[in-house]
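Working notes, structure below.
Please treat every number below as a calculation from the coordinates, not as lab data. What you see is a predicted model; the values in this text were computed from it and never measured. Heads up, the Cβs are rebuilt from the backbone with ideal geometry, glycines too, and the neighbour counts pull from every protein chain shown.
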């Protein structure tokens, strides 16, 4: 189905009892595959409002992200949280949409400084499971009027409602960037360097470590962004923290910097590689012991983003990583696997029975007939 | 403003209920003497008052759970209260309710500097979080004007902001996890000591739910490294409208100051009299603060001065020292207090898109004339969060009603301009009945269904947020 408008979508959903799969560009097949008819939002593709001076942008859910990027670029602004483009990793095609980005709460490397996608969604409209058109939040940066359903819908993977329009806070894009590159660090030292950088006043906007970079050697990457003189000043000051112990190169070529962080953002190291891909979220200073423990038990390859808050892991197909993550302070999501393995291993992390019960009751209030992305999360 | 009629059977049963609470709480945790409960009859919105049946001051999450089990069983309404600084009546009791105060849940449980987070009991004050980590070079970003006394519990309930949230976000953007007690006494953790909780974002909906979904007893807060330095500049203009245009230009040109604050002449003079902050006597004043190293600060201020110069400023004054900066902020943060010295006032909290600042300021000025009540303006201009202060005489018959009516007109103007009723103070009782101007019945129905899930009997802070008539069926069930 390709509804022409929000109201047509609402009419199609009202009274419907058979299952529905909301779809943007179909580029993020992350959750458990759900039975049902796909509802494509591609016709809802207008940018309804963009006010650079107010740092806000409102667009219909099916608007391609590339359109959004073009519009923002023209005014020197950006979506600060760097949404992931999953096409390479998940071998999907099509155009990622702003609705899909919000439904999956997708954030990349800059999340560590500026916050997640959910921190920039200031309002949205959606059609609930009964075909009601609901709006939550608004179009202003600060808003505490009523419950924050916007947060609840963001990252709900289309299970509570079909998002039809989103309002986002945007930020000025940095004019310059520099990356401190350190080669050959053992993981322990690398994570220490990344966290020390994040704990400095120099506003680090990317903190990643590849155990095996493109040339096969470990590389640690620390990004600084802003006006040119400020970036250079901070690169110099931050280098002083470490220059006694490690050798640092400062990369300032904007194209190389962009490509480097895109590689991290889009899980480049595990593209075109066989195996299941997991996303593990944990406390930075627990990341290393966690990975060490995993290595003792299974074949695993990892790299770190968000200074170790985020661990990307590649394992043999069908490995139940969660068996080895008992007591994990955080959660693990199975991002890439065969449908069989997804349903057998479960995509999303188990939660307490109480939390699950609450979530089921919420789902029932938004979608009493359980027609929206049946079984995807709950 | 109307409050729901009280349930007399609860009031008549007071002694037995107090007995039950005394059994489960440590000594001196129950206040029930009518002379003492009077201290809890209102919060920062002093126009409305009603002493509660009793005040309960638990010391542990388990005590909170026991209290809620009793109230759940006995169907006693519970009013959560932090420091009682709400400006929207978020902690206003009814006579058949008990207040559950967080003031004794006041321990900082874990300072995890290495991972940039702290775990606290929620009765700690906002400022004490920053005080606990500042020697390590960190701070907790949300900074409501009441930060000296207001609690993290209240901040989470109202999703509080402050002057510096233009850059750092409000409470929800700085909250990683909570321990929450639901109305049936069950205890659960949402989120935790890491970024991004998985699955549905229950943490996101709990934050800002005005104490209606559960009692948050512990919080994991994100802390941020202190910048090397910060310094404000004062920009004075001949009119509010010109100042509004200047704000829009600064942001549009790619500069993101940490704060852009606005004050009009009425407010400037009151603050000057109160703290002597060194403000120029102008029609409209902007306080713009930037951060970084000394050189970075100079550069950003230079850019801002260039932009401001295009708007014919009548005053431009950079702070030259930490002492001067502190004084400038003391003046701004004392604005409400300073106004209170010269007049009764009602403080509003609407938000509008920054680009509509000139329109809203003109609109407020003509409404003020129409009602014959003066309005002073002091607000967070960078994110369009207004705090018009309506001056009135509380002792004059009918003046409060007139003031409320002007307030409603101003907030509806904000909604008409694409904004909202509340940017950071919350709906409480104050804006409850205006909610239908911003939301459809259907929008509110689904919000109320969220409360149904967490608190099916509608016992937690029941008569807030939603217009009484549309929540009536649920409350009386």
Task: Degrees separating the helix A:187-198 axis from the principal Cα axis of chain A, which is the longest one - done: 70
Task: Gap separating the Cα centres of the stretch A:58-74 and the stretch A:113-152, nearest whole Å - done: 18
Task: Distance in nm between pseudo-label sites at residue A:241 and residue A:343 (7 Å out along the Cβ direction from Cα) - done: 4.8
Open item on the list: Contact order normalised by length for the stretch B:8-101, with contacts defined as Cα pairs under 8 Å and 6 or more residues apart; what percent is it?
Closed with: 34
Task: Prolate/oblate/rounded call for the stretch A:8-105, Cα gyration tensor, a/c under 1.5 rounded - done: oblate
TODO: Quick one: go through the stretch A:245-268 and flag any residue whose amide nitrogen is under 13 Å from the point 7 Å out along the Cα-to-Cβ line of residue A:228.
DONE: A:253-254
- [ ] Specify, per residue and in Å³, the volume enclosed by the convex hull of the alpha carbon atoms belonging to the stretch B:108-225.
- [x] 95
Open item on the list: For chain A, what does the helix formula give at 222 nm: sum of -39500 (n - 2.57) over DSSP H segments with n ≥ 4, over the residue count, nearest 500 deg cm²/dmol?
Closed with: -8000 deg cm²/dmol
Open item on the list: How large is log10 of I(q)/I(0) for the protein assembly as shown at q = 0.06 Å⁻¹ when the intensity is taken from the Debye formula with one equal scatterer per alpha-carbon?
Closed with: -0.38
Open item on the list: At 1.306 mPa s and 10 °C, plugging the Kirkwood radius over alpha-carbon pairs of the stretch B:8-101 into Stokes-Einstein gives what diffusion coefficient in µm²/s?
Closed with: 120
Task: Net lengthening on full extension, residue A:215/residue A:92 (0.36 nm per residue, minus Cα-Cα) - done: 41.6 nm
Task: Alpha carbon centroid spacing (whole Å) that separates the stretch A:234-307 from the stretch B:410-467 - done: 44
Open item on the list: Over the Cα atoms, compute the radius of gyration (one decimal) and Dmax (the largest Cα-Cα distance, rounded to a whole number) for the stretch B:309-356, in Å.
Closed with: 15.2, 38
TODO: Please give the calculated 222 nm ellipticity per residue for chain B, where each DSSP H segment of at least 4 residues contributes -39500 (n - 2.57) and the sum is spread over every residue; nearest 500 deg cm²/dmol?
DONE: -11000 deg cm²/dmol
Task: Chain lengthening between residue B:36 and residue B:341 when straightened (0.36 nm per residue, less Cα-Cα) - done: 107.1 nm
Open item on the list: Over all directions, the average projected area of the alpha-carbon convex hull for chain B comes to how many nm²?
Closed with: 22.1
Open item on the list: What is the distance in Å between the Cα centroid of the stretch B:273-335 and that of the stretch B:101-137?
Closed with: 30
TODO: Using every Cα-Cα pair within the stretch B:302-404, state what percent have a distance larger than 22 Å.
DONE: 46
TODO: For a footprinting-style exposure proxy, rank B:435, A:221, B:316 by other Cβ within 10 Å, fewest first.
DONE: B:316, B:435, A:221
Task: Cα gyration tensor of the stretch A:268-345 - equivalent ellipsoid semi-axes, whole Å, descending - done: 19, 14, 11
- [ ] Over all alpha-carbon pairs in the stretch B:432-476, figure out the percentage whose distance exceeds 13 Å.
- [x] 49
- [ ] Calculate, in whole percent, how much of the Cα-Cα pair population of chain A lies beyond 30 Å.
- [x] 41
TODO: Report, in degrees rounded to the nearest 10, the 0 to 90 angle that the Cα long axis of helix B:322-333 makes with the longest principal axis of chain B.
DONE: 60
Open item on the list: Using Cα springs under 10 Å in a Gaussian network model of chain A, which residue among A:41, A:152, A:57 shows the largest mean-square fluctuation?
Closed with: A:152
Task: Relative contact order (%) - the stretch B:432-476, alpha-carbon pairs under 8 angstrom, separation at least six - done: 56
Open item on the list: What does the C-alpha gyration tensor say about the overall shape of the stretch A:176-265? Classify as rounded when a/c is under 1.5, otherwise prolate if a/b is larger than b/c, or oblate.
Closed with: oblate
Open item on the list: Between A:226, A:62, A:25, where does the largest GNM mean-square fluctuation fall for chain A, given springs only between Cα atoms within less than 10 Å?
Closed with: A:226
Open item on the list: For a Förster distance of 56 Å, can you work out the FRET efficiency between the beta-carbons of residue A:292 and residue B:13, rounded to the nearest 0.05?
Closed with: 0.40
- [ ] With a ≥ b ≥ c taken as the square roots of the eigenvalues of the C-alpha gyration tensor of the stretch A:78-235, please select rounded if a/c is under 1.5 and otherwise prolate if a/b is larger than b/c or oblate if it is not?
- [x] prolate
Task: Within 10 Å of each Cβ in B:33-40, the average number of Cβ atoms from other chains - done: 0
Task: Relative contact order for the stretch B:343-416, counting Cα pairs under 8 Å that sit 6 or more residues apart, in percent - done: 41
- [ ] Report the equivalent ellipsoid semi-axes for the stretch B:367-473 in whole Å, largest first, defined as the square roots of five times the eigenvalues of the gyration tensor built from alpha carbon atoms.
- [x] 28, 17, 12
TODO: State log₁₀ I(q)/I(0) for the stretch B:230-334 at q = 0.17, 0.22, 0.23, 0.24 Å⁻¹ as given by the Debye formula over alpha-carbon point scatterers of equal weight, solvent excluded.
DONE: -0.71, -1.19, -1.28, -1.38
Open item on the list: Taking R0 as 35 Å, what FRET efficiency do you get between residue A:35 and residue B:60 from their Cβ-Cβ distance, rounded to the nearest 0.05?
Closed with: 0.15
TODO: For each of B:433, B:33, B:264, count neighbouring Cβ atoms within 10 Å of the residue's Cβ, then give the residues from fewest to most.
DONE: B:33, B:433, B:264
Task: Residues B:371, B:40, A:120, sorted so that the one with the fewest Cβ neighbours within 10 Å comes first - done: B:371, B:40, A:120
Open item on the list: Taking the 0 to 90 degree range and rounding to the nearest ten, how far is the long axis of helix B:240-252 tilted relative to the main principal axis of chain B, both from C-alpha atoms?
Closed with: 90
- [ ] Please work out the FRET efficiency for the pair residue A:272 and residue B:3, using the Cβ-Cβ distance as r and a Förster radius of 60 Å; give the result to the nearest 0.05.
- [x] 0.40
